[in-house]
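Undergrad: What follows is a single structure, and I will ask about it in a moment.
The values are calculated or read from the model by the stated rules, or taken from the named source; none is laboratory data. The structure displayed is predicted, hence computed values, not measured ones. Because the Cβ atoms are built from the backbone with ideal geometry, glycine has one as well, and the counts that use them run over all protein chains shown. Heavy atoms of the whole protein, side chains included, go into the accessibility calculation; ligands, DNA and RNA do not. Shrake-Rupley method; radii C 1.70, N 1.55, O 1.52, S 1.80 Å.
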Amino acid sequence: VQTDDGMSRPLWFRTAAAQPHRMTIVAGGDSRNHRIIRKMANRTVAELQPDFVLFGGDYTSSDSKKQWRRWLEDWQLTIAEHGRLIPLIPAQGNHDSKSRLGRIWGRAHPKFYYGLSFGGQLLRVYTLNSERPAGGTQGKWLDHDLTLHKETLIKFAQYHKPMRPHVRMKSEGQDEYI
């Protein structure tokens, strides 16, 4: 977001509290089509001012630079008038390449599965990669992490590919079960 002189307006973010607190969370995904609706949804995020957004993948349809540029431009609509940036917790979808996601969000989680804690032991968010087979290194990591965070009160999981399809033309997600 630039002003007429090419400078960005002041922007800021809120660090998540280390103690339990009331949180507002928005979850969504599959914004690869219908740009007008995506922009409306992003404006709603700016109005709601959640603590963070869980985004379950499929940002674009072809993973092209042009589509990503548009997606990132549209994400700017989540910034409220007062300049607060809303954190996004990304998951990989089947239309998203690992390399493009790595360039956009860094390489902290190269296999695109990870866990984040909020409010001390209040909430643990697990971002799982449904583009990888169930079990394997991801399953071992998840088992270990769940053991490490067994005292956490609330556990969320986000991922892209559903276990149960919402239409008959899609097959059952057998690979999503361990």
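Undergrad: Measure off, as a whole percent, the carbon and sulfur share of the 1.4 Å-probe accessible area of the chain, all protein chains present.
TA: Carbon with sulfur: 55 percent of the solvent-accessible area.
Undergrad: While we're here: Subtracting the Cα-Cα distance from 0.36 nm times the residue separation, let me have the gained length for Lys65 to Glu47 in nm, one decimal.
TA: Between Lys65 and Glu47, full extension yields 3.7 nm more.
Undergrad: Taking just the alpha carbons, could you work out the radius of gyration and Dmax for region 1-116, both in angstroms?
TA: 14.7, 42
Undergrad: Still on this structure: Pick from Arg38, Arg103, Arg168 the residue whose mean-square fluctuation is largest in a GNM of the chain, springs joining Cα atoms under 10 Å.
TA: Among Arg38, Arg103, Arg168, the largest mean-square fluctuation in the Gaussian network model of the chain belongs to Arg168.
Undergrad: Send over a whole-number figure in Å² for the accessible area per residue of the chain, probe 1.4 Å.
TA: For the chain, the solvent-accessible area averages 63 Å² per residue.
Undergrad: Taking the Cα centre of the chain as origin, sum charge times position over the Cβ atoms of Lys and Arg (+1) and Asp and Glu (-1), and report the length of that vector in debye to the nearest 20.
TA: Rounded to the nearest 20 debye, it is 300 debye.
Undergrad: Going by amide H atoms built from the backbone, whose H comes under 5 Å of the H on Ala27, apart from near neighbours?
TA: Sorted by chain and number, the residues that satisfy this are Leu54.
Undergrad: Could you name the lysines whose alpha carbon sits less than 21 Å from that of Lys66, not counting residues in the same chain fewer than 8 places away?
TA: Lys39, Lys98
Undergrad: Residue by residue, what Karplus-based ³J(HN,Hα) values in Hz, rounded to whole numbers, does region 23-34 have, using 6.51, -1.76 and 1.60 with θ = phi - 60° and x for Gly and Pro?
TA: My calculation for region 23-34 gives 10, 10, 10, 10, 10, x, x, 6, 9, 5, 10, 6 Hz in order.
Undergrad: Hey, rough spin-label estimate for Ala134 and Glu81, points 7 angstrom out along Cα→Cβ, what's it come to in nanometres?
TA: 4.8 nm
Undergrad: Test of understanding: what is the full-extension gain from Phe13 to Asp30, defined as 0.36 nm times their sequence separation minus their Cα-Cα distance?
TA: Difference between extended and current length: 3.6 nm.
Undergrad: Running a GNM on the chain with Cα contacts under 10 Å, which residue among Ser99, Ser117, Ser62 ends up with the highest mean-square fluctuation?
TA: Answer for the Gaussian network model of the chain: Ser99.
Undergrad: Can you list the HN-Hα couplings for region 88-102, worked out from phi with the Karplus curve (6.51, -1.76, 1.60; θ = phi - 60°), rounded to whole Hz and with x for Gly and Pro?
TA: 10, 10, x, 10, 8, x, 6, 9, 10, 7, 4, 5, 5, 4, x
Undergrad: Of Ile86, Phe13, Asn129, which is farthest on the positive side of the dipole of the chain, counting Cα position, with +1 on Lys and Arg Cβ, -1 on Asp and Glu Cβ, and the Cα centre as origin?
TA: Result: Asn129, furthest along the dipole toward the positive end.
Undergrad: Let me ask something additional. Along the charge dipole of the chain, Cβ charges K/R +1 and D/E -1, which of Leu101, Val53, Gly120 sits furthest on the positive end?
TA: Selected residue: Leu101.
Undergrad: Still on this structure, please answer the following. Can you give the calculated 222 nm mean residue ellipticity of the chain, where each DSSP H run of n ≥ 4 adds -39,500 (n - 2.57) and the sum is split over every residue, rounded to the nearest 500 deg cm²/dmol?
TA: When only DSSP H runs of four or more count, the value is -8000 deg cm²/dmol.
Undergrad: Relative contact order of the chain: what whole-number percent is it, with Cα pairs under 8 angstrom and at least 6 residues apart?
TA: Details: 288 pairs, mean separation 38.1, N = 178.
Once normalised by length, the contact order is 21 percent.
Undergrad: Could you tell me the relative contact order of region 66-130? Use alpha-carbon pairs under 8 Å, at least six residues apart, and round to a whole percent.
TA: 26 percent
Undergrad: Which lysines have a Cα lying under 18 Å from the Cα of Lys150, excluding residues fewer than 8 positions away in the same chain?
TA: Lys140
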